[in-house]
Amino acid sequence: MQQYFSLADCDVMGFDLDHTLCRYHLPQSARLIYDSFAQYLVTEKGYDKDLLTLAPDSLDFCCKGLVLDIEEGNFLKLAEDGTVLRASHGTKSMTSEEILETYGRKEWKHFNTVSGMVSRSAKYYLYDNYFDLPGALLCARVVDSLDQHDGQKKYDFWKDMVAAIQHNYKITAFKEDCGTYFPEVKNHPDKYLQRCPESVKKWLKQLKSAGKILLLITSSHSDYCRLLCEHILGNDFEEYFDVVITNALKPGFFSHTPNQRPFRTLENDEEQEALLSLDKPGWYSQGNAIQLYELLKKMTGKLDPKVVYFGDSMHSDIFPARHYSNWETVFILEELLGDKVTVPAETESEPLEKKGKYEGDPFKAPYFVSKQWGSFFIDRLPGLENAEETLVRTWSCKCISTYSTIAIPSLEAIADLPLDYRFTRFSSNSSATAGYYPSPPRALLPNEESVTMK
């Protein structure tokens, strides 16, 4: 595989919507998502009312890459080899001794299935995107509450949590003003949504005028998609894209066959009959990557058009687009903003494309690092004295270099680059930090040699 990656070589650009093209104000949206699940558990399922009040700093618990061991009520941060680096029971951090006693220094029992990333399971849940993440804090507080009242050892709250998620995010919720989430975003979009920067809108237009085909592929339903796009891009948002696919039900969009997941047309946001094939550009619902690719061959006149897909979820976007469709993948990783390196004075004259865009004011960084869970990228093995020697990559970090072509903090970070800019890609023969643009996370830099690579 060649060492460099350039958008100029791609025929088709596909974009996820939520947290990719549409950025949210994270503290506000996290609180709203937490409230929407908590309201349901308290009012519909009889959980403790205390769940409705949140201490100001409690969202610190939310950290991407955590796995909830549902039966035990434990949250785990995993190393790349599947051993447990940090853990909490409910919201309470476990000590190194407790971690070693409970999990030992061996691969966590479900690591094999979780690292295959194909299945969801009744035994664990992986938190890998900002729509899910506030639910982690809620589940942890539910465990605290059950311990306090019932002294439970095995937990069965998960079915109620799934019901809360479905109630708030189900396909008809937007139309029916059902739940807490959609009515609030509809009424106060500015509070939760960041408008798309002018540089990104200009870049999308440049891509089109350079002959690229632009796709929008989102698991959000068409009515919510329209609200977001009109707010962030303007009423003419459909002009940016050749094909819009809503309710794509990723990762199934990539892994399912045409008869398992056919495309459907839409009328007034209602899905119509299944289509046998995809014949022309337009707005569709559900569908599958196989038939989409057939359409892209027609549209480009090429036997194997090259597609790149931008997304923020390893489980729903990056892994399946790479694994099933063999597309190039650009991982949108806001965690890259959380630990920016301050720029020393002598590099001030560097051109913008070499410097990150967020290095000016650290307080404007839209992302914070969890104190409880530490770096998303690396951590120390628990219970060893010579800690400097035992820094290891997290499993989340390993997935990035395994399944992404490159990782960037936002589309804005690359919007001003020339189209033929050559990014160094993640690949097995280069360093573990090669594919991060504009710069690798600080956590991976100082001891890169001592980060043990398998």
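Against the list (1) open to solvent by less than 50 Å² (accessible area, probe 1.4 Å); (2) over 20 Å from CYS229 (Cα atoms), the condition GLN148 fails is (1). Of the candidates LYS298, LYS357, LYS306, LYS302, the single residue that is among the charged types (D, E, K, R) and modelled with pLDDT under 95 is LYS357. Which of the helices (runs of 4 or more DSSP H) found entirely inside the range 128-189 contain at least 2 residues meeting this: farther than 28 Å from ILE232 by Cα? Result: 134-150, 158-169. Looking only at residues of the range 24-41 that are open to solvent by less than 40 Å² (accessible area, probe 1.4 Å) and among the polar types (S, T, N, Q), we find that the one that is farthest from ALA164 (Cα to Cα) is SER29. Among residues of the range 82-109 that are closer than 18 Å to THR394 by Cβ and part of a loop (DSSP other than H, G, I, E, B), those with a Cβ under 8 angstrom from a residue that is among the acidic types (Asp, Glu) and open to solvent by 50 Å² or more (accessible area, probe 1.4 Å), sequence gap 6+ or separate chain, pair up as GLY82/GLU107; THR83/GLU107; GLU107/ASP81. Return yes or no: is VAL114 of a type in the set (A, V, I, L, M, F, W, C), open to solvent by less than 40 Å² (accessible area, probe 1.4 Å) and at pLDDT 90 or above? The answer is no for VAL114.
Screening ILE217 with (1) in contact with a Lys or Arg (Cβ under 8 Å, 6 or more places away or on another chain); (2) surrounded by fewer than 20 Cβ atoms within 10 Å (Cβ to Cβ) gives one miss only, at (2). When each of ASP35, ASP50 is tested for being out of contact with any strand residue (DSSP E or B) (no Cβ under 8 Å at 6 or more places or on another chain), at pLDDT 95 or above and within 23 Å of LEU228 (Cβ to Cβ), the lone residue that passes is ASP35. The numbered conditions (1) modelled with pLDDT of 95 or more; (2) open to solvent by 40 Å² or more (accessible area, probe 1.4 Å) are all true for THR342 except (1).
Scanning the range 126-144 turns up at least one residue that is of a type in the set (S, T, N, Q) and closer than 29 Å to CYS22 by Cβ.
Could you please let me know if LEU336 is surrounded by 22 or more Cβ atoms within 10 Å (Cβ to Cβ) and modelled with pLDDT under 95? So LEU336 fits the description; yes. Among the residues of this structure, LEU126 does not count as one that is modelled with pLDDT of 95 or more, open to solvent by less than 30 Å² (accessible area, probe 1.4 Å), in the same structural domain as LYS45 (by the TED database) and in contact with a helix residue (DSSP H, G or I) (Cβ under 7 Å, 6 or more places away or on another chain). Among the strands (runs of 3 or more DSSP E) confined to the range 234-324, the ones with at least 1 residues that are open to solvent by less than 70 Å² (accessible area, probe 1.4 Å) and more than 29 Å from LEU133 (Cβ to Cβ) are located at 243-246, 263-267, 270-274, 282-286.
Taking the condition in a helix (DSSP H, G or I), in the same structural domain as ASP18 (by the TED database) and farther than 25 Å from TRP327 by Cβ, does LEU207 pass? No; evaluated as a whole, the condition is false for this residue.
The values are calculated or read from the model by the stated rules, or taken from the named source; none is laboratory data. Fair warning: this is a prediction, and the values are worked out from it, not measured in the lab. All Cβ positions, even for glycine, are placed from backbone atoms using ideal geometry, and neighbour counts span all protein chains on display. To get the accessible areas, we keep the full protein, side chains included, count just its heavy atoms, and leave off ligands, DNA and RNA. Shrake-Rupley method; radii C 1.70, N 1.55, O 1.52, S 1.80 Å.
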